[in-house]
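The structure appears below as structure tokens.
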Amino acid sequence: MWLLPVTQFWVIWNGVLIVTAIIAIAAALVMRKEFDRKKEKVAYNNRLLELEAKALTSQMNPHFIYNSLSTVQHLIVLNEQQKAFDYISDFSLLMRQMLNNSRKSYVALEDEIDFLTRYLELERFRFSNSFEYEFQVEDAIKVHSHCIAPMLIQPILENAIKHGMGPKKEKGMLKIAFSFHKDILECTVDDNGAGWKKTRSATSALKHESTALNIIRERLNVIKSYDDNPGKLEIIDKASSGYNESGTLVRIFIPIINSL
């Protein structure tokens, strides 16, 4: 019977123990990494749900709803029943869209644009057509139906109408443009209103607006695109930033979640 020398036996045995220990440590590290990844994912999802809940509570400034109902009341007093009926119809559709979108983490871009268009039409009527608006959508975006987080753009439009163009005597113009940059959708909201700095100095206690903007920033920072890029929000006062006109330019970089 062939036997290994004692010294060689212990060398092999020690080698086996070392290899086993290395495998065990590597397995433990992999399991730990996987555990940490799952823990981070749970924390991420919890934070996202928290921000979505905050966004839901801050959606649609209560003043907009109150003023819309006051508009209907005013139309009825003026015996403008058909206009009142049309306004209520569009308003109810807008509320239904908002509630439907609030139940979703992501919506198709065309659905979001449809929601924003209905909102702007109601605001134009309420402000006696004191402003115009236009959407500009890059051709590359029209090829696929991209999905984004809802209710990121509407608060920006609300700020532009109420505080930017509202104080102006001349007619306001609101341009909403969408362009595609790999996995990020850039939305620019350009108005010819009083300007961000002037608006903020004249209205120092815009609690709802400030809360809405902070929630948008937090949501954009948490939401990641399919390439793991976060979004961001930039607000530019045009008069003090080299533009030859007053107004505010808001750039919203929205991570693309997926395509339908």
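If you go through the range 241-260 and pick out every residue that is modelled with pLDDT of 80 or more, among the polar types (S, T, N, Q) and not in a strand (DSSP E or B), you end up with 1. For the range 151-174, the criterion of being more than 23 Å from Ser70 (Cα to Cα), modelled with pLDDT of 90 or more and touching a Phe, Trp or Tyr at 6+ places or on another chain (Cβ under 7 Å) is met by at least one residue.
Please verify whether Leu51 is modelled with pLDDT under 75 and among the aliphatic types (A, V, I, L, M), treating the condition exactly as stated. Answer is yes for this residue. Counting only helices (runs of 4 or more DSSP H) wholly contained in the range 58-166, the ones carrying 3 or more residues that are without any contact (Cβ under 8 Å) to a residue 40 or more places away in the chain occupy 62-77, 81-102, 109-126, 139-143.
From Leu120, Leu99, Leu93, grab the single residue that is open to solvent by 60 Å² or more (accessible area, probe 1.4 Å) and of a type in the set (A, V, I, L, M). Give the derivation first.
Numbers: Leu120 fails: open to solvent by 60 Å² or more (accessible area, probe 1.4 Å); Leu93 fails: open to solvent by 60 Å² or more (accessible area, probe 1.4 Å).
Selected residue: Leu99, the only one of Leu120, Leu99, Leu93 that is open to solvent by 60 Å² or more (accessible area, probe 1.4 Å) and of a type in the set (A, V, I, L, M).
Tell me, yes or no, whether the range 29-44 has at least one residue that is aromatic (Phe, Trp, Tyr) and modelled with pLDDT of 80 or more.
No, there is no match, as no residue in the range 29-44 is aromatic (Phe, Trp, Tyr) and modelled with pLDDT of 80 or more.
Ala177 meets all of the listed conditions (1) out of contact with any Pro (no Cβ under 7 Å at 6 or more places or on another chain); (2) at pLDDT below 85 but one, namely (2).
The values are calculated or read from the model by the stated rules, or taken from the named source; none is laboratory data. It should be emphasised that the depicted structure is a prediction, and the values quoted were computed from it without experimental measurement. Positions of Cβ are backbone-derived with ideal geometry, glycine not excepted, and every protein chain shown enters the neighbour counts. Protein only, heavy atoms only, side chains kept; ligands, DNA and RNA dropped before computing areas. Shrake-Rupley method; radii C 1.70, N 1.55, O 1.52, S 1.80 Å.
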